Amino acid sequence: MPPKAKITRDMIIEAGLQIVRTEGTENLNVRRTAAELDCSTQPVMYHFKTVSDLKAAVYARANDLHTAYILMPDADAADPFLSVGLRYIRFAAEEPHLFRLLFQSNQFQNVSFQELTQSDGLTPVLAPLCESADLSAAQAREIFGILFVCVHGAASLIANNAIPYDRAYFENMLTAAFEGAVMRMKGTQHETV
């Protein structure tokens, strides 16, 4: 008889991620994860001493997945910065359970808005904004903060089934918000007709 396959930490994290993706965070526990792997609870408890440890590892994996997703270039977007915002919104439409885990759970509670907008991890996102709109890094961060509220609000509404995903609508909304924020930042007055 061949030896049983060894259950690795990565296999457990992937199983937990799959559970959250399809059933929601509330269904992520040791028993459900073991059932997903078709094993006893022992391997899960060997790698993760508590359910909180398991949830933290699944959260970290979901966060990595989200970051890679939003930074993937979108050939249909006119601007790289616009691409990031649209992909953030689309992630909420395609992965609502993961979005809720990342941004609407207690895992996210100790991160302030300032920490979010001042993070060094934003450099790859802000670089195209600085180039395309001829902005300083400080200006780009301020505009990012303005647009983040729009993008995150839209994504939250989508993830919670309040509104449908409509790429054209959100592209127009983000373009208008971006152009308005850049004009304000550069001190340009919008003329009324």
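The values are calculated or read from the model by the stated rules, or taken from the named source; none is laboratory data. Treat the numbers as computed from the prediction; the structure is a model and nothing was measured. Quick reminder, even Gly has a Cβ in these numbers, built from the backbone with ideal geometry, and neighbours come from all protein chains shown.
Residues that are among the acidic types (Asp, Glu) and exposed (fewer than 14 other Cβ atoms within 10 Å of the Cβ) within the range 95-142 comprise GLU115, ASP120, GLU131, ASP134, listed in sequence order.
If you go through the range 47-59 and keep only what is without any contact (Cβ under 8 Å) to a residue 12 or more places away in the chain and in a helix (DSSP H, G or I), you end up with SER52, ASP53. Each residue in the range 77-111 was checked for being part of a loop (DSSP other than H, G, I, E, B), farther than 18 Å from VAL125 by Cβ and modelled with pLDDT under 95, and 4 of them qualify.
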